[in-house]
1. Taking residue 104 as meeting all but one of (1) modelled with pLDDT under 90; (2) more than 25 Å from residue 40 (Cβ to Cβ); (3) touching a helix residue (DSSP H, G or I) at 6+ places or on another chain (Cβ under 6 Å), write down the number of the exception.
2. Of everything in the stretch 74-96, what is out of contact with any helix residue (DSSP H, G or I) (no Cβ under 6 Å at 6 or more places or on another chain) and assigned to a helix (DSSP H, G or I)? Give them in sequence order.
3. For a quick check of your reading: which helices (runs of 4 or more DSSP H) sit entirely within the stretch 116-234 and have at least 1 residues that are within 22 Å of residue 99 (Cβ to Cβ) and free of Cβ contacts under 8 Å to residues at least 40 places away in the same chain?
4. Can we say residue 50 is within 17 Å of residue 153 (Cβ to Cβ), in contact with a strand residue (DSSP E or B) (Cβ under 6 Å, 6 or more places away or on another chain), modelled with pLDDT of 95 or more and not in a strand (DSSP E or B)?
5. From the list 128, 203, which one is over 16 Å from the mean Cα position of the chain (by Cα) and more than 20 Å from residue 84 (Cβ to Cβ)?
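The values are calculated or read from the model by the stated rules, or taken from the named source; none is laboratory data. Values in this document were obtained by computation on a predicted structure and should not be read as measured data. Cβ sites come from the backbone with ideal geometry, for glycine too, and all protein chains shown count toward neighbours.
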């Protein structure tokens, strides 16, 4: 579904990603893990077109994305749940969801999509008229994911969805992520909670200082000595 080949990305004069390559197949959950500053968010922003790539290529469903603006990528079927949620705090739950369905491709299906979302996240139906900034952290994260899903993405990019959430809420959140895959949504997941990422995903890429240094089956990487020592504290 997604093919990223040898991309190089800069912030001004500073290079952040070095010849980075990864693939995501249909109906997979693929994790991208690494320490702070490794380049994980930069990778997602490059895929979304929020940052230009200096060289390399990005293809989605056999279409080149290099010169495609972000809103066209959304219309093509890629959506991102950003780190920190980035909700519209003084808009209601319903209004935030409406903002997620702005493209012509999905606006005609708004009511059907809304019912699907309320089935996935019943609490959002209950709080549909509440302002986003009155929700708990877990409820806000649910809303951020739901808003992204309103565009009916084929590929969902998720940046640190469990950040700042209590362990019990994280467990519920990951159950929802697995449910999304069962509903046909392919996911590229950036997470600092490495154990959770490895347990939920099919494959994992390890990013260190802007370079992919390790990749493979997630369950096998759970037992990799380097991963256990560096990221799991074992």
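1. Looking at each condition in turn, residue 104 falls short on (3).
2. Those that are out of contact with any helix residue (DSSP H, G or I) (no Cβ under 6 Å at 6 or more places or on another chain) and assigned to a helix (DSSP H, G or I): 74, 76, 94, 95.
3. Working: elements: 122-126, 137-149, 167-182, 194-200, 218-221, 225-230.
So the answer is 122-126, 137-149, 167-182.
4. Details: within 17 Å of residue 153 (Cβ to Cβ): yes; in contact with a strand residue (DSSP E or B) (Cβ under 6 Å, 6 or more places away or on another chain): no; modelled with pLDDT of 95 or more: yes; not in a strand (DSSP E or B): yes.
When the stated conditions are applied, residue 50 does not pass them.
5. Numbers: 203 fails: over 16 Å from the mean Cα position of the chain (by Cα).
It is 128.
A quick yes/no check of all residues on (1) over 16 Å from residue 160 (Cβ atoms); (2) assigned by TED's automatic domain parsing to the domain that holds residue 230; (3) modelled with pLDDT under 95:
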site: 6; (1), (2), (3): yes, yes, no
site: 11; (1), (2), (3): yes, yes, yes
site: 18; (1), (2), (3): yes, yes, no
site: 34; (1), (2), (3): no, yes, yes
site: 40; (1), (2), (3): no, yes, no
site: 45; (1), (2), (3): no, yes, no
site: 71; (1), (2), (3): yes, yes, yes
